[in-house]
Amino acid sequence: MADRSGPQLLAGVLVGAALFAAVVLPVPYVILSPGPVFDTLGSVGDTPVISVTGAPTYPTTGRLDLTTVSESGGPRSRVSLVDALRAGLDPDAAVVPTELLYPAGTTADQVDQEGAAEMASSQDAAEIAALRQLGLPVTDTVVVSRVDPDGPSATVLERGDRIRTVDGVAVDTPAEVKAQVDRRSPGDAVVVGYERDDRAGVARITAAAADDDPAQARIGVVLGVSYDSPVEVDITLEDVGGPSAGLMFSLGIVDRLTAVQETGGAHVAGTGTIDAEGLVGAIGGVQQKLAGARDAGATVFLVPAGNCADARASGVDGVRLVRVTSLDTALDALATLRAGRTDVPAC
């Protein structure tokens with residue numbers, strides 16, 4: 001009789017190695033799943049998510065939930081083949097190649113810094129949009145949200161600096177700053193007038209070439225918008241990054257500052273970026289955010305118009321999808337629902 005113990009042993013070793021690889025070794029995918037929701041009218045622990053001083057505030061009812069996406073894999077964690085296969089069977093999850101979300105070489109620190117900068121800029125824009133919606137006085141300025149540590153501004157500008165001029169031209173928006181920098185070429189000097197701690201300064205920056213266009217000048221900063229107003233808004237929410245909570249922050253601020261209870265007692269959730277003019281932009285992960293809202297008990301979900309197709313295709317049932325393009329249209333839709341009508345813009 002032939003001795004088969006050798007081949008059987010080898011087969012067992014190979015199977016064991018394959019199982020080990022499937023369970024332990026990382027694969028180049030990111031798993032997106034529903035994340036926690038946060039009521040912008042509520043508190044996290046003992047701290048209100050939104051606090052307002054300098055103007056009368058009013059009681060609120062219902063909920064205005066911002067929604068999030070939980071992420072596994074990518075620069076900040078590892079997922080195994082088993083994790084990816086399991087997520088592929090979950091109708092509320094998505095498995096995405098890492099390269100579609102993050103350029104090669106992106107580090108966890110870079111992801112965290114960018115997410116924090118985007119959140120800070122989103123909060124500022126949400127505050128400006130809400131105060132303007134209510135006709136309250138606002139003066140906004142361009143602010144440095146992040147400085148590339150290896151970029152041309154690293155030694156001269158800091159996060160929080162308020163940009164007043166570029167090459168002697170007054171600037172009031174990030175777009176105006178970009179327009180002035182775009183007039184220059186890599187290697188040119190760009191003169192930036194700024195304020196830091198109420199003191200004026202001037203930075204002479206040698207422009208570098210943009211990563212995606214060697215002919216385009218860049219100064220290595222991410223810009224946002226800050227504001228001055230007698231009404232001060234403080235948003236407190238840790239461990240959440242990115243710009244997609246802007247719309248819900250704005251709605252929460254408006255609700256705090258008006259006697260009208262915007263939700264009419266309903267459980268409303270939503271997502272969307274917002275700019276200082278109140279325009280709402282599309283976001284990523286709408287399927288996971290919708291699922292998180294449904295699981296939290298929301299009956300209405302405010303969807304940026306650019307995400308409507310994905311929202312309809314998500315397979316998430318039991319939540320009314322309301323299409324919004326601006327803070328104004330979102331408030332109009334809530335007023336319609338509050339009146340007991342259903343003729344709101346739908347996805």
Worksheet item: Expressed as a rounded percentage, what relative contact order does segment 174-311 have, with Cα pairs under 8 Å and six or more residues apart?
Response: 16 percent
Worksheet entry | Mean Cα-pair separation over length for segment 139-228, i.e. relative contact order, pairs under 8 Å, 6 or more apart, % | 37 percent
Fill in: Those trypsin sites (Lys or Arg not before Pro) in segment 277-347 that DSSP places in a loop and that have at most 10 other beta carbons within 10 Å
R341
Item to complete: Using R₀ = 51 Å, calculate the FRET efficiency as 1/(1 + (r/R₀)^6) where r is the Cβ-Cβ separation of L136 and R76; round to 0.05.
Response: 0.85
Practice prompt. Give me the Kirkwood hydrodynamic radius of the chain, using the inverse of the mean 1/r over all pairs of distinct Cα atoms, in Å to one decimal.
Written response: 22.5 Å
Worksheet item: For F38, F249, what ranking results if the residue with the fewest other Cβ atoms within 10 Å of its Cβ goes first?
Response: F38, F249
Worksheet item: So for the pair R338, R159, with labels modelled 7 Å out along Cα→Cβ, what separation do we get in nm?
Response: 3.6 nm
Fill in: Percent RCO, i.e. relative contact order, over the chain, from Cα pairs under 8 Å lying at least 6 residues apart
21 percent
Worksheet item: Once every DSSP H run of n ≥ 4 in the chain is given -39500 (n - 2.57) and the sum is divided by its residues, what mean residue ellipticity at 222 nm do you get, rounded to the nearest 500 deg cm²/dmol?
Response: -9500 deg cm²/dmol
Item to complete: Give me the Kirkwood hydrodynamic radius of segment 139-228, using the inverse of the mean 1/r over all pairs of distinct Cα atoms, in Å to one decimal.
Response: 12.8 Å
Practice prompt. Note down the net charge around A154, summing +1 for each Lys or Arg and -1 for each Asp or Glu among other residues with Cβ under 13 Å from its Cβ.
Written response: -1
Discussion item. Please check: in the Gaussian network model of the chain (C-alpha springs, under 10 Å), which one of D213, D112, D332 has the largest mean-square fluctuation.
Written reply: D213
Discussion item. To make sure I understand, if each residue's beta carbon is the centre and we count other beta carbons within 10 Å, what order do I163, I274 fall in, fewest to most?
Written reply: I163, I274
Response to the item:
Here segment 257-333 gives, from Cα atoms, an Rg and Dmax in Å of 12.3, 37
Item to complete: Per residue of segment 84-95, in order, report the coupling 6.51 cos²θ - 1.76 cosθ + 1.60 (Karplus, θ = phi - 60°) as ³J(HN,Hα) in whole Hz, putting x for Gly and Pro.
Response: 5, 5, 5, 5, x, 8, 8, x, 9, 10, 9, 10
Worksheet item: Which residues' amide hydrogens lie under 5 Å from the amide hydrogen of V324, considering only partners 5 or more residues apart or on another chain, with H built in the peptide plane?
Response: V303, A305
Worksheet, complete the sentence: Neighbour-count ranking for E158, E99 (other C-beta within 10 angstrom, fewest to most) reads E99, E158
Worksheet item: What ratio of Cα Rg to 2.2 N^0.38 Å holds for segment 282-326?
Response: 1.00
Fill in: Convex hull of segment 187-292 built on C-alpha atoms - directionally averaged projected area, nm²
10.8 nm²
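All of the numbers you see were taken from the coordinates with simple rules; none came from a lab. What you see is a predicted model; the values in this text were computed from it and never measured. In this analysis, Cβ positions are derived from the backbone assuming ideal geometry, glycine residues included, and neighbour counts consider all displayed protein chains.
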